[in-house]
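Everything on this sheet refers to the single structure shown next.
The values are calculated or read from the model by the stated rules, or taken from the named source; none is laboratory data. No experiment lies behind these values; they were computed from the predicted model shown. Don't worry about glycine lacking a Cβ; one is built from the backbone with ideal geometry, like all the others, and counts go over all protein chains shown.
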Amino acid sequence: MKYKSMNWRILFFISSIAILFSSFPVFAQNDYSSMERHIKNFDFNKRILPSMPDKDKKIRVIIDTDAKNEIDDQWAITLALLSSERFEIEGFVASNYDHSHGGPSGIEKSFQEIELVLKIAGFENTYQVYKGSHPMRYKYEPSESEGVDFIIKKAMESSKADPVWVVALGSATNLASAYLKNPQIKDRVVFFWHGRTKWPEKCWNFNVFGDRLAAITLFHAPIPLVLFDTGTYLTCTMEESEENIKPYGEIGKYLHEYRFKNPWYMQSDKGFFDLGDIAALVNPEIAYWQEVSCPEVSPDLSYNFKGTKGKILRCYHIDRDKTFQLLYDKLRRNYSSEK
Ligand SMILES: [Ca+2]
């Protein structure tokens with residue numbers, strides 16, 4: 001009887017210890033520390049340097065966009081939708097953005113805007129749209145969301161020979177988080193990110209400010225990266241969009257008339273930055289590319305070229321007229337009968 005009572009006490013003691021440990025994030029901390037070691041100890045000579053596939057080759061893309069941020073993402077999404085000869089679109093992820101009408105509600109607004117553009121352009125219920133994550137809290141901790149899980153899922157279905165291209169037109173949160181949650185994706189993806197930074201001085205742009213930790217992760221982790229780093233001059237006058245955008249379908253009308261929502265959107269020096277990313281992907285021949293040493297990014301966002309992070313591909317210029325012409329031609333071809 002005495003022994004039986006002792007056994008129960010021992011069992012109770014062991015159970016209590018197990019419960020105590022399971023209530024602390026011991027393993028999460030180990031994951032966090034091992035991720036830091038994993039990145040710091042990686043041989044960056046082995047970082048995959050992406051190359052742009054010939055324009056005749058089809059590529060699978062996920063489009064990650066802060067669609068409601070301002071005005072250019074809607075134009076970019078439309079060009080992507082009308083480029084089925086180039087893109088097999090796997091789906092969309094709505095990303096965060098941080099200004100007065102975004103912040104905590106930015107992801108939901110981006111999600112609604114993607115759905116709206118798909119509907120107006122005639123692609124309702126054609127593609128999956130997922131909500132992305134709020135900005136990261138810590139350097140090596142992924143910010144979780146269904147959008148991040150979708151990127152991981154599609155990446156793990158892909159291969160080194162046929163990677164999925166994750167095209168990010170907003171902050172880098174979902175890309176960085178997908179990598180941090182499952183580093184195995186690095187051999188199965190190409191991350192194509194709209195940086196438009198102050199190269200070679202500073203990693204300085206609205207998309208960087210939206211999630212600095214995520215932006216820095218794209219440079220510091222062994223991810224195949226294309227940095228779209230140009231496009232400020234991708235401007236379009238009201239007269240030009242009235243002639244070449246507005247007449248073509250409901251979507252053309254929407255894209256043009258959206259400009260009336262804000263005096264800034266109507267200005268002739270307003271850039272349609274993200275249109276450049278999609279145009280460069282549709283036809284890499286209208287853009288200019290360079291293989292560059294990947295810099296480290298300091299906490300003050302200055303670039304430091306130490307030769308420690310391998311190489312990335314950088315788009316440093318794109319032809320303005322050819323960029324817009326791609327969209328104009330496709331709108332005309334697809335919606336002329338609705339004129
Ligand atoms: Ca954007």
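Y97 satisfies every condition listed in (1) buried (at least 21 other Cβ atoms within 10 Å of the Cβ); (2) part of a loop (DSSP other than H, G, I, E, B); (3) away from the ligand (no atom under 13 Å from the Cβ) except (3). Checking each residue in the range 50-94 for being more than 13 Å from the ligand (Cβ to nearest atom) and of a type in the set (D, E) picks out D54, D56, E85, E88, E90. Restricting the range 26-56 to residues that are within 23 Å of I151 (Cα to Cα), without any contact (Cβ under 8 Å) to a residue 24 or more places away in the chain and of a type outside the set (A, V, I, L, M, F, W, C), the residue that is surrounded by the most Cβ atoms within 10 Å (Cβ to Cβ) is D31. Considering the conditions (1) at negative phi; (2) in contact with a Gly (Cβ under 8 Å, 6 or more places away or on another chain), F219 is excluded by exactly one of them, (2). Residues of the range 300-339 that are under 19 Å from P224 (Cβ atoms), outside any strand (DSSP E or B) and in contact with a Cys (Cβ under 8 Å, 6 or more places away or on another chain): K309, G310. Among residues of the range 197-214 that are under 14 Å from L175 (Cβ atoms), those with a beta-carbon under 8 Å from a residue that is of a type in the set (F, W, Y) at least six positions away or on a different chain give the pairs N207/W193; G210/Y97; L213/Y138. Within this structure, I251 fails the test of being modelled with pLDDT of 95 or more and in contact with a His (Cβ under 6 Å, 6 or more places away or on another chain).
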